[in-house]
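Report on one structure; see the data block that follows.
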Amino acid sequence: MTRLPDYYFRVRENGAQVFRVDTENRLRRIEMDPIATVNVKNGEIKPQGDRVLSQTDRSEIERWLADRRAVLAGRQLDDIQRLLDQLNLITGWAQQRATPADLATVSDDLLLAMHDLRSVLVRKKTDGMGKRDANGDG
């Protein structure tokens with residue numbers, strides 16, 4: 001049997017619950033002792049109950065947190081690339097296959113969502129250009 005990791009992270013929507021894994025007990029059972037919760041967005045690590053986390057606990061949690069943030073950032077970029085593909089497919093659908101009833105069902109929502117996205121992108125791009133100009137980069 002391969003050696004189990006010392007920590008297990010049960011992923012939750014906003015982070016994880018952290019368990020210390022113990023197999024070195026007299027019954028050789030796998031025991032998972034909850035030791036903390038971690039919030040991916042703000043980096044907050046909360047010990048479970050009155051527990052005091054060791055430096056090793058904190059180091060492992062911080063390592064997991066950095067790894068998790070990298071995974072989530074990669075997924076976000078991948079989601080955006082898939083969205084671009086979907087927008088192109090929707091364009092083809094609207095042009096070639098959609099009925100007037102289909103278009104009536106989705107057009108307003110699509111137009112509002114695209115207008116909202118365009119407004120945000122233009123504003124962010126303009127803000128970025130203004131910062132470059134202020135730094136003498138433009």
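The values are calculated or read from the model by the stated rules, or taken from the named source; none is laboratory data. Only a predicted model underlies this, so the values are computations on that prediction, with no experimental measurement involved. Here Cβ is always computed from backbone atoms with ideal geometry, including for glycine, and neighbour counts include all displayed protein chains.
Listing for the model above:
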read-out: Condition met for Leu84 (loosely packed, with under 11 Cβ neighbours inside 10 Å, out of contact with any strand residue (DSSP E or B) (no Cβ under 7 Å at 6 or more places or on another chain) and farther than 25 Å from Val40 by Cα); value: yes
read-out: Selected residue (only one of Leu103, Leu27 is assigned to a helix (DSSP H, G or I) and either of a type outside the set (Lys, Arg) or surrounded by 12 or more Cβ atoms within 10 Å (Cβ to Cβ) (or both)); value: Leu103
read-out: Subset of the range 40-85 [part of a loop (DSSP other than H, G, I, E, B) and under 19 Å from Tyr8 (Cα atoms)]; value: Val40, Gly43, Glu44, Gln48, Gly49, Arg51, Val52, Leu53, Ser54
read-out: Sole exception among (1) modelled with pLDDT of 95 or more; (2) assigned to a loop (DSSP other than H, G, I, E, B); (3) among the β-branched types (Val, Ile, Thr) for Thr37, by number; value: (2)
read-out: Near pairs, Cβ below 7 angstrom, 6+ apart or cross-chain, from the range 1-26 (assigned by TED's automatic domain parsing to the domain that holds Ser59 and over 23 Å from Glu44 (Cβ atoms)) to any residue that is assigned to a loop (DSSP other than H, G, I, E, B) and among the small types (Gly, Ala, Ser); value: none
